[in-house]
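What follows is calculated from the coordinates using simple rules that are stated; it is not laboratory data. As the structure is a prediction and not an experimental result, all values here were calculated from the model. Note that each Cβ is placed from the backbone with ideal geometry, even for glycine, and that neighbours are counted across all protein chains shown.
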Amino acid sequence: MNTTIKTLLNHKSIRKFEDRSLTNDQIKQIVQCAQAASTSSFIQAYSIIGVKNKQTKEKLASLAGNQAYVANNGHFLIFCADLYRHQLIGEQHEVDIATSLDSTEKFMVSLIDASLAAQNAVIAAESMGLGAVYIGGLRNQLQEVSALLKTPKRVIPLFGVAIGYPAQNPDKKPRLPIEHVYHEEEYEQDLDTYKQQLTDYDEQISSYYSERTKGARNDTWTEQMATMLTKPTRMYMKEFVHQKGFNNK
């Protein structure tokens, strides 16, 4: 097993960091690795906003649901879907590209491009001995986050990534069984098999929580999902996305 695979398989979300900033060279390397990710048709439909300012981090932490590690980390990156530069390209070349930029397809491209770039950044950080955690809570109050970051139309902050020197070493959380996720030739439609895989995974997750908390918690994955999904969140998103000039066609 090579070092890249070891890094990938040992991924853990780190939510407590040493009080130690990343160097400019480290930040540059991480961003360059993000930029090296694949991008659909070379569109490069994303931008990354790095936040060092402590007060700005604290505001973002509050907007993200009072997550302390948004404020306390070595560096905070925000990955944005970005078609703003493409709008300017259309103006520069005096061509009408609004229909393309408004399309669901280009909205999906911008989301995928940003996600691929972010995963490259996280892998790069972990390969350097750093830890990271994704912050989807920025989408709790995107209007306020956008105002704070001064993002123009056709730019949407999607999520953050807190990076730093780990001050904890949590257990690795088990993922779904590979047989449940990986299908060959066609999607597995045997319902009994499908349900059994979920049952087996529930037992594994329940044991994981019980061992980790010394019996204080033993809930299953399907229980978590059922509870979470009965409470719809961020239902303003469709209107906000449209206002930002995305997904209108």
Calc'd 3J(HN,Hα), the range 92-104, phi into Karplus 6.51 cos²θ - 1.76 cosθ + 1.60 (θ = phi - 60°), Hz, glycine/Pro = x, comes to 4, 9, 6, 10, 8, 10, 4, 4, 5, 5, 7, 6, 4
Taking Cα atoms, the helix 24-35 axis meets the longest principal axis of the chain at an angle in degrees (rounded to 10) of 90 degrees
log10 I(q)/I(0) for the range 57-202, Debye formula on C-alpha points only (no solvent), q = 0.16 Å⁻¹, two decimals, reads -1.02
For the chain, percent of DSSP beta bridges that are antiparallel (nearest 5) comes out at 95 percent
Semi-axes of the range 84-142 from the Cα gyration tensor (sqrt of 5 times each eigenvalue, largest first, whole Å) come to 31, 15, 10
Taking N as the number of residues in the range 1-79, the ratio of its alpha carbon radius of gyration to 2.2 N^0.38 Å works out to 1.29
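Kirkwood Rh, the chain, all Cα pairs: how many Å? Walk me through the numbers before you get to the answer.
Details: mean 1/r = 0.0494 Å⁻¹.
For the chain, inverting the mean 1/r across all distinct Cα pairs yields 20.2 Å.
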Bounding extents of the range 178-218 in its principal axis frame from Cα atoms, largest first in Å, are 42, 17, 8
Calc'd 3J(HN,Hα), the range 51-67, phi into Karplus 6.51 cos²θ - 1.76 cosθ + 1.60 (θ = phi - 60°), Hz, glycine/Pro = x, comes to 10, 9, 4, 4, 5, 5, 4, 5, 5, 5, 4, 5, 5, 8, x, 6, 8
Taking the alpha-carbon centre of each part, the distance from the range 221-239 to the range 56-131 in Å is 23 Å
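Can you list which of the trypsin sites (Lys or Arg not before Pro) found in the range 163-226 are DSSP loop residues with at most 15 other C-beta atoms within 10 Å?
Counting only loop positions with at most 15 other Cβ atoms within 10 Å, the trypsin sites (Lys or Arg not before Pro) in the range 163-226 are Lys172, Arg175, Lys214, Arg217.
Considering just Cα atoms, how many Å³ per residue does the convex hull of the range 141-249 enclose?
Hull volume over Cα atoms, normalised by residue count, gives 212 Å³.
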